[in-house]
Structure formats: C-alpha cells, structure tokens
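The values are calculated or read from the model by the stated rules, or taken from the named source; none is laboratory data. Note that the structure is predicted; figures quoted are calculated from it, not measured. Please note: Cβ atoms are built from the backbone with ideal geometry, for glycine as well, and neighbour counts cover all protein chains shown.
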Amino acid sequence: MKKPGLDATDIRILGAVQRHGQLSKTRLAELVNLSPTPCWARLDRLKAAGYIRGYRAELALERIVDFTQVVVTVSLGSHRKSDFDRFEDYIRNLDEVVDCIATGGGTDYVMRVITTSLAEFQMLMDTMRSSDLSIERYMTYIVTQQVKASQPNLAKLAATAPK
C-alpha cells in the first residue's frame, strides 16, 4: 500500500534514487521531470522523513575475491519469542550473513551467506549449531550462478497498491 503523504512525484524521486544512487540536483530533476530546486527540497523532505536509509555501491564481488555463496534455510526447535530474539541478535553480528529474512510456514529463516570457501561456511554453521540458538535443522543450497539481483519496481508497486 502506498503510504500517506507520498505523491507520484515523490515516488518518481525515490525510484530514481533507488536505481541510480546519489545524483546531482540537475540530473535528478531531469529524471523526474521537475525543476531542480523543488526536486531537491522534496528529496530533503524524503530523507528527513526516513524514506531513504542510505546509498550503496553495487560491487562486482566476483572480480575482487573468490567466494562461496550459500542460501540456508533454518528451522528453530522452539518458537518462543526469546528464541527468535536470540537467533536474530546472533545473526545481526555475523558479517558472513548478508541477508536474513524471517518466514512463516515450515522454515523460520532464509539466509544468504558469503564466505571465502565451503570449508569456512561449514565452520560457521558448526559454530552456530554449537551456540545456544535452538537450531533444529538447516538446509543449504550452494549458489552456482546469480540470475537476477534487483530492487523492486517502486512505481509499479505504488501504482498497483490498494487505495
């Protein structure tokens, strides 16, 4: 659902920033079809309201270092809030876990893990299993090729959201 207070121009600005990162005032204004000063004022308002969390560069990691990427599903043995909190706090402190989502259904979490080797990944999982995290089972999926990595199409989501 589109959040109150965001109009079509705000959505265009957010979409441009999402696709291109930090832009000059002139270039952003061109992309969203607005004059530079009001465009920049809107961007400042969107930043102040917390709609933009930060800017990042998308790196070609495979050109920098050899790595192993693994998708891991995790099911906890106990479903008390304290168990979820303990697991999530632990995961937040692991550099190797680059994405982690909580899910409903048969699996509690899906993680994307990047390490320098499969052996390093296994050591990480052994450490996690020996910690007090209530891990009942986990399944691993070795990533062989990244087919797609992108952000959602903000304009499309906002246009099709129930009013």
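When region 10-62 is limited to residues that are more than 12 Å from L154 (Cα to Cα) and of a type in the set (V, I, T), the one that is nearest to the chain's Cα centre (by Cα) turns out to be I52. Taking the criterion of being assigned to a loop (DSSP other than H, G, I, E, B) and over 14 Å from P36 (Cα atoms), the residues of region 8-24 that qualify are G21, Q22.
With a cut-off of at least 3 residues that are over 30 Å from I52 (Cβ atoms) and in contact (Cβ under 8 Å) with a residue 24 or more places away in the chain, name the strands (runs of 3 or more DSSP E) lying wholly within region 70-163. Give the steps one after another, and end with the answer.
Details: elements: 97-102, 109-115, 135-142.
Result: 135-142.
Residues in region 104-112 include at least one that is surrounded by 12 or more Cβ atoms within 10 Å (Cβ to Cβ), outside the structural domain of A16 (by TED's automatic domain parsing) and hydroxyl-bearing (S, T, Y).
With without any contact (Cβ under 8 Å) to a residue 60 or more places away in the chain, more than 30 Å from Q145 (Cα to Cα) and surrounded by 13 or more Cβ atoms within 10 Å (Cβ to Cβ) as the only criterion, which of D44, D10 stands out?
Numbers: D44 fails: surrounded by 13 or more Cβ atoms within 10 Å (Cβ to Cβ).
Only one candidate passes the filter, namely D10.
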